Amino acid sequence: MTAPRTTIRGSAPSKRVPDSVKAYIARFPDDVQRTLRRARTILRKAMPGADESISYQIPTYKLGGAAVLYFAGWKQHWSLYPATPLVVTRFAKDLAGYRVAKGTIRFPLDQPMPTHLIAGIASLRAQEAARSAKPKPAAKSKPAAKSKPAAKSKPAAQSKPAAKPKPAAKPKPATKSKPAAKPKPAAKRPATKSKPAAKRPAATPKRR
């Protein structure tokens with residue numbers, strides 16, 4: 001959150017940054033100082049554990065190191081910051097008579113100090129700060145998805161009984177071989193009588 005710059009209308013703002021809330025209040029006229037001291041007392045009682053410091057040149061109250069509330073003095077009013085949506089909603093009726101804009105609540109200096117309203121705002125802001133400071137619970141891990149039961153295996157198909165072997169074909173009876181044909185008797189031919197060799201006359205020796 002960015003706190004607005006603080007200037008005192010109608011007077012020259014001090015160039016020196018105050019080093020404490022007391023020093024900040026001391027820069028204002030007496031009537032304004034009385035109002036700011038009253039606001040400071042209410043805030044410190046409503047947030048006893050808050051650290052008081054100067055931030056953005058205005059009084060700041062922190063819880064756990066985080067800024068919770070700021071206040072600042074002006075010429076005709078003093079302001080309280082921030083007016084969160086929860087603060088505006090919770091104290092809508094009480095804030096009806098004050099100007100609330102851009103996260104700032106303006107309290108006129110010429111009106112009585114709304115003690116209970118300021119204390120209530122401080123208490124609510126402390127609660128908001130405490131909630132935001134708490135670590136968020138770890139997201140619950142989703143339960144592991146249940147594994148689906150294994151599909152029942154189908155019973156093994158019963159094997160068909162082996163086909164009975166067909167009986168061996170009976171061997172056909174051997175065909176009776178026909179009896180070998182008896183050889184025909186060779187035709188008898190009359191033996192041819194050999195002719196007697198022709199007798200040749202002995203050759204007469206030649207005379208020399």
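If you go through the range 110-122 and keep only what is in contact (Cβ under 8 Å) with a residue 40 or more places away in the chain and either of a type in the set (Val, Ile, Thr) or more than 16 Å from residue 42 (Cα to Cα) (or both), you end up with 115, 118, 121. Filtering the range 37-83 to residues that are assigned to a loop (DSSP other than H, G, I, E, B), surrounded by fewer than 20 Cβ atoms within 10 Å (Cβ to Cβ) and small (Gly, Ala, Ser) leaves 49, 64, 65. Restrict the check to the range 63-80 and report whether at least one residue is modelled with pLDDT under 95 and either among the β-branched types (Val, Ile, Thr) or at positive phi (or both). Checking the range 63-80: at least one residue is modelled with pLDDT under 95 and either among the β-branched types (Val, Ile, Thr) or at positive phi (or both). In the range 73-84, is there at least one residue being farther than 23 Å from residue 112 by Cβ and free of Cβ contacts under 8 Å to residues at least 12 places away in the same chain? Scanning the range 73-84, I find no residue that is farther than 23 Å from residue 112 by Cβ and free of Cβ contacts under 8 Å to residues at least 12 places away in the same chain, so the answer is no.
Can you tell me which residues in the range 101-112 are of a type in the set (A, V, I, L, M) and crowded, with 16+ Cβ neighbours inside 10 Å?
105, 109 - these are the residues of the range 101-112 that are of a type in the set (A, V, I, L, M) and crowded, with 16+ Cβ neighbours inside 10 Å.
In the range 85-106, the residues that are under 13 Å from residue 122 (Cα atoms) form no Cβ pair under 6 Å with any partner that is among the polar types (S, T, N, Q) and surrounded by 14 or more Cβ atoms within 10 Å (Cβ to Cβ), whether six or more places apart or across chains.
The values are calculated or read from the model by the stated rules, or taken from the named source; none is laboratory data. Just so it is clear, the model here is predicted, and its values are computed rather than measured. Positions of Cβ are backbone-derived with ideal geometry, glycine not excepted, and every protein chain shown enters the neighbour counts.
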